[in-house]
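The next block holds one structure in the form of structure tokens; read it before the comments.
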Amino acid sequence: MKPPAFKYFAAESVEEAVSLLAQHGDEAKVIAGGQSLVPMLNFRLLSPSVIVDINAIPGLDQIEDCNGGLKIGALTRHFSLETSQAVRKRFPVISAAMIHVAHLAIRNRGTIGGSLSHADPAAELPTIAVLLDAKITVARSGGERVIDARGFFESALNSALEDDEIVTQVEFPALPARTGWGFHEFTRRSGDFGLAGVAATMTQSGKDAANVRIALLGVDETPIRAVEAESLLNGNEFSMDGVRAAVESVRESIEPNTDLHASADYRRHLVGILTERALTSAWRRASSLN
Ligand SMILES: Cc1cc2nc3c(=O)[nH]c(=O)nc-3n(C[C@H](O)[C@H](O)[C@H](O)COP(=O)(O)OP(=O)(O)OC[C@H]3O[C@@H](n4cnc5c(N)ncnc54)[C@H](O)[C@@H]3O)c2cc1C
């Protein structure tokens with residue numbers, strides 16, 4: 001299948017890219033890795049008359065220190081996130097999640113900015129951004145703004161991005177010392193989008209769990225935080241009774257879809273199991289950091 005005809009511009013700066021977007025409005029689409037956009041063009045699900053390629057913009061593929069956290073440029077490839085020592089050291093949950101994204105060829109091209117902008121509720125990076133309270137910088141002609149990840153995803157394949165804006169950078173704020181993590185996802189075949197997935201981080205404070213975060217993928221229109229389950233565990237002694245209560249709370253709080261791949265009941269069941277695994281992994285890892 002072939003895409004519809006379009007005019008192609010290779011922007012050489014953020015200013016040039018956003019100026020082209022401002023000029024062409026909703027007729028234009030940005031291309032980064034092309035791993036979601038090109039299939040959508042080929043299937044004629046999108047027919048932009050203008051494509052703005054941002055791959056030649058210098059400086060958008062950097063991973064930099066930021067007060068103990070990381071600033072990651074929008075053009076950073078999935079494979080770089082998977083293999084970067086800085087990411088592995090500060091946010092091992094990101095490296096672990098990347099292994100679940102598609103196949104190596106797709107991870108070589110796909111970018112963090114593209115994945116967040118595409119806003120697929122079953123995608124790993126949007127879920128990780130919500131888990132880690134990432135801050136997403138977006139640029140437009142004459143300025144930029146920063147959007148909290150939890151306010152960025154509006155519905156399936158829809159984000160807070162305006163037509164004339166591009167994502168330029170994603171900041172992941174530092175995690176406290178003694179924070180462990182867990183990432184568990186279920187797919188029928190390796191490389192498929194997950195039927196459901198759960199990411200968690202948790203800080204050990206003596207016998208108590210603190211800063212508990214739980215993010216779910218594939219069970220709603222956007223990635224979501226399981227805030228009630230988090231509050232059941234936060235500030236309390238970590239125990240399997242607490243984990244079981246959190247699992248029940250997660251199962252009750254979601255309303256997954258039934259589709260060709262799985263029923264809502266099956267997804268609810270899976271999410272409970274994956275939540276238990278993610279929470280126990282996070283606690284075990286936090287405990288081993290002493
Ligand atoms: C077979 C297959 C399996 C896949 N499996 C998975 C999976 O398991 N998990 C997963 O997470 N993903 C999966 N993907 C998607 C893949 O991760 C994509 O790379 C990613 O979703 C989009 O990144 P991209 O850089 O390729 O974006 P593109 O395809 O270039 O763009 C995607 C969308 O984002 C917009 N966009 C891109 N960059 C920017 C920017 N900086 N600012 C504003 N808008 C922008 C584009 O206009 C477009 O609307 C799969 C893809 C394929 C083809």
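The values are calculated or read from the model by the stated rules, or taken from the named source; none is laboratory data. None of these values were measured; they are calculated from a predicted model. A quick note on method: Cβ atoms are made from the backbone with ideal geometry, for glycine too, and the neighbour counts reach across all protein chains shown.
Just wondering, is there one or more residues in the stretch 24-34 that are in a helix (DSSP H, G or I) and within 19 Å of the chain's Cα centre (by Cα)?
No, every residue in the stretch 24-34 fails to be in a helix (DSSP H, G or I) and within 19 Å of the chain's Cα centre (by Cα).
Out of curiosity, is Gly25 at positive phi and within 14 Å of the ligand (Cβ to nearest atom)?
Criteria met by Gly25.
When the residues of the stretch 188-211 are filtered to those that are without any contact (Cβ under 8 Å) to a residue 60 or more places away in the chain and more than 22 Å from Asp259 (Cβ to Cβ), which remaining residue is surrounded by the fewest Cβ atoms within 10 Å (Cβ to Cβ)?
Per the criteria, the residue is Gly206.
I'd like to verify a number: residues in the stretch 28-46 that are without any contact (Cβ under 8 Å) to a residue 24 or more places away in the chain and near the ligand (Cβ under 10 Å from one of its atoms), how many?
4
For Met98, only one of the following conditions fails: (1) within 14 Å of the ligand (Cβ to nearest atom); (2) over 13 Å from the mean Cα position of the chain (by Cα); (3) within 21 Å of Asp61 (Cβ to Cβ). What is its number?
All conditions are met except number (2).
For residues that are away from the ligand (no atom under 12 Å from the Cβ) and outside any strand (DSSP E or B), tally how many sit in the stretch 153-187.
So the answer is 7.
Tally the residues that are surrounded by fewer than 22 Cβ atoms within 10 Å (Cβ to Cβ) and away from the ligand (no atom under 12 Å from the Cβ), restricting the search to the stretch 47-79.
Within the stretch 47-79, residues that are surrounded by fewer than 22 Cβ atoms within 10 Å (Cβ to Cβ) and away from the ligand (no atom under 12 Å from the Cβ) number 14.
Take Thr222 and decide whether it is assigned to a strand (DSSP E or B) and closer than 28 Å to Leu75 by Cα.
Against the criterion (assigned to a strand (DSSP E or B) and closer than 28 Å to Leu75 by Cα), Thr222 does not qualify.
Only one of these conditions is not met by Val87: (1) without any contact (Cβ under 8 Å) to a residue 60 or more places away in the chain; (2) touching a helix residue (DSSP H, G or I) at 6+ places or on another chain (Cβ under 8 Å); (3) not assigned by TED's automatic domain parsing to the domain that holds Asp163. Which number is it?
(3)
Mind checking which residues of the stretch 64-81 are closer than 13 Å to Gly113 by Cβ, in a strand (DSSP E or B) and without any contact (Cβ under 8 Å) to a residue 60 or more places away in the chain?
Arg77
Of everything in the stretch 213-233, what is touching a residue at least 24 places away in the same chain (Cβ under 8 Å) and over 23 Å from Arg107 (Cβ atoms)? Give them in sequence order.
Arg213, Ile214, Val219, Asp220, Glu221, Ile224, Arg225, Ala226, Glu228, Ala229, Leu233
With the requirement that a residue be loosely packed, with under 14 Cβ neighbours inside 10 Å and assigned to a helix (DSSP H, G or I), what does the stretch 249-283 give you?
Glu252, Asp265 - these are the residues of the stretch 249-283 that are loosely packed, with under 14 Cβ neighbours inside 10 Å and assigned to a helix (DSSP H, G or I).
Between a residue in the stretch 140-155 that is surrounded by 13 or more Cβ atoms within 10 Å (Cβ to Cβ) and any residue that is among the hydroxyl-bearing types (Ser, Thr, Tyr) and not in a strand (DSSP E or B), which pairs come within a Cβ distance under 8 Å, given they are 6 or more apart or on different chains?
Close Cβ pairs satisfying both conditions: Ser141/Ser19; Phe153/Thr222; Glu154/Thr222.
So Glu228 fits all but one of (1) under 22 Å from Pro92 (Cα atoms); (2) among the charged types (D, E, K, R); (3) touching a Ser or Thr at 6+ places or on another chain (Cβ under 8 Å); what number is the exception?
Glu228 satisfies all of (1) under 22 Å from Pro92 (Cα atoms); (2) among the charged types (D, E, K, R); (3) touching a Ser or Thr at 6+ places or on another chain (Cβ under 8 Å) except (1).
In the stretch 120-146, how many residues are near the ligand (Cβ under 8 Å from one of its atoms) and of a type in the set (A, V, I, L, M)?
The total comes to 4.
Just checking, which of Ala246, Ala286 is of a type in the set (A, V, I, L, M, F, W, C), touching a residue at least 12 places away in the same chain (Cβ under 8 Å) and in contact with a helix residue (DSSP H, G or I) (Cβ under 8 Å, 6 or more places away or on another chain)?
Ala246
So, of the residues in the stretch 80-95 that are within 13 Å of the ligand (Cβ to nearest atom) and surrounded by fewer than 24 Cβ atoms within 10 Å (Cβ to Cβ), which turns out to be nearest to Ala196 (Cα to Cα)?
Glu82
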